[in-house]
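Below you'll find the structure, written out as structure tokens, and then a few comments.
The values are calculated or read from the model by the stated rules, or taken from the named source; none is laboratory data. Computed from a predicted structure; not experimentally measured. The area values use the complete protein model at the heavy-atom level, side chains included, leaving out ligands, DNA and RNA. Shrake-Rupley method; radii C 1.70, N 1.55, O 1.52, S 1.80 Å.
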Amino acid sequence: MSVRPTGQKSLDTDHDMSCELPLIIIPETDVWDIDATSYTDCGHFVDWDRFPSLTQERCSSPAELPQFFKDLKRMAREGQWANNKSLRAEAYNQIIKSIRCRVFTPDATVYHDVSERLFGKGGVNDHPLPDFLEGCLMPVYCLNTRGETAVKKILICIGNQYPDITYCPTLPAVVALLLHFSEDEAECFERACRLISCIDPHKCYVDQSFLAHEASCMTFGDLAKKYCQAGHKFITTNSENPTDIFSDWLMWVFGDLPFEYTIRVFDVFLLEGNKVLYRVALALLKQYRSQVDSEVQDLQLDIQCFVKNIADHISPEKLLEKAFSIRLFSHKEMWLLQMANRKALSQRGITVMQPRQTAHMSVDMMNFNSEIITAQEMRVLWSWIPERFSLYPPALLFSTLEHGYSLQRFYSHCEGSEPTILLIKTTANEVCGAFLSTDWSERKKSCGQVATFFGTGECFVFTVRPEMERYEWVVVKKPEMGKAAPPSPRSRPRSYSHGSRLSPSPKCPSSPTMSSAPSSPSQLSNFLSVPGEVQPGRLSPFLSVRHFQLPSKTASMFMSGNNQGIIIGGGGGQALNIDADLNIGRTEHCETFDNPPLCEENFHVQHLEVWGFQNS
């Protein structure tokens, strides 16, 4: 990446900030004293016992900051201020002050006013963190308790001043890193706001919407395919969901790297923008591929563990050296790629105002606990279910380990929840299950002892072990089997509980989709009108079976239950049939899902769980 010096170019005439910063001038009379400067108190938020010890190999600190951007960039890349917190703090101050920002960017004075208004009569615990941080990692690095509290206060104040931010997973890390080298909370707040409000063309420090974040993850996948072909191929051939791996790229830098590596990356990031983050993540992927064995059981966790222990493989200096040896796109080309990916995601249903984290983030790898499947396996299942549900974290509704082997207790714990995921582990340690779109209370509408089928075409069955495979409704795979039934004059839209958002899933482009936009203002977002005409290949499984004209009723036997047991799938056999004791089961090929037996045809249940969706 070529960078022109900016020695004679003023800020007012600078129209291309993608490759340079305005001149940083240090008066000749202002000589830096390493041991005594105006920033000697910048470390009172830091737990110095956790702060990494300085290495002797690093060159001695210069006494002052250079005048020209290219010299400052070289100093940052070489780590010349890495063993001088005061010089680094002053460098941060000069760099961030030089960033072109929106006119009304909140400053330290605003922070004093807002924090007094918010926290004057109560503590930080009385205020929730902003919604745009929901599900985001909150790294503290080497901060002490006072520093951790300060980070929360600053984030709450930022949320107060920036109501337009809808999703910003890297902001907690950015604030925590700035606080290490800030004199007080107000200064850290002002610096963070300047990064958020940056208006330099083609440069962005932090993604501020769900759409922008998803586009950056997609962009990293594109860059990995071009600049790290071996790593990209390894991920795509060894992962059920490569997108999940590529989507972790920012957390490699801001969540998994040790502090002494992250802060070195941050030094250069402040000067050169988010292109630095792409470089470092690509260098990490290259290094991982050179060290990894041919077989990895859990690729996502293995990469995370590798990055956390990166010191065993490469020094910060060598990592940055590798990162900057990659001949990457220019800032403008990177920006154009990001915009192209945003457009593609918008067309697939991802919006700026997406209220929740993506499916791969919804399953908490650290806190997920099941007797049947791992968190990684649950993430794969979460990527299969409709997006409007997968945005919510899983919630355990029923477990034979906790509630016993009773069908009535199964019903009592599952009724009122829609949809649900049924998981079964057999005594042969095989795992299978089903995604069930409809509340089990629907079974009560049948008359007599004969169980009737209910549900919608969004139901599917699956296997987890020994192989992961999904079997969708046969009409989804063979849309020629059904056509839209003409709407009845008395028909009315079907209501779905909990205000479900109707948005097409971006994860399965080949799957049938539908528009989430109502055709008129009178249509509510949680109602779906029966279509008068449906284009071939666009039959939505969201519709009830009554919306289709099918050649056989056996193509629509989704789920059924009574006091004798539960049945999933039908027609020529049953995909799953579990008895009233939740003990004995049978699985066969069925016409509804066109599935093979999901495990041994006759099996005994070792564990059974039902999972729902928090706040869905």
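How much area per residue is accessible in the range 168-292 when the probe is 1.4 Å and only protein heavy atoms are counted (Å²)?
Counting only protein heavy atoms, the per-residue value for the range 168-292 is 23 Å².
Send over a whole-number figure in Å² for the accessible area per residue of the range 376-473, probe 1.4 Å.
Accessible surface, normalised per residue, equals 35 Å².
Over the range 71-159, what percent of the accessible surface lies on carbon and sulfur atoms, probe 1.4 Å?
Summing carbon and sulfur atoms, their accessible area is 48 percent of the total for the range 71-159.
Please go through the residue pairs Lys225/Lys332; Lys233/Lys286; Lys286/Lys322; Lys97/Lys332; Lys70/Lys97; Lys203/Lys343 and name each one whose alpha carbons sit more than 21 Å apart in this structure.
Checking Cα-Cα distances, Lys97/Lys332 exceed 21 Å.
Ignoring ligands, DNA and RNA, please state the percent of accessible area on the range 213-267 from carbon and sulfur, probe 1.4 Å.
Of all accessible area on the range 213-267, carbon and sulfur atoms account for 47 percent.
On the first, second and third principal axes, largest extent first, how far apart are the outermost C-alpha atoms of the range 47-197 in Å?
47, 38, 27
Using only the alpha-carbon atoms of the range 387-453, report the extent along each of the three principal axes, biggest first, to the nearest angstrom.
Largest first, the range 387-453 extends 36, 33, 20 Å along its Cα principal axes.
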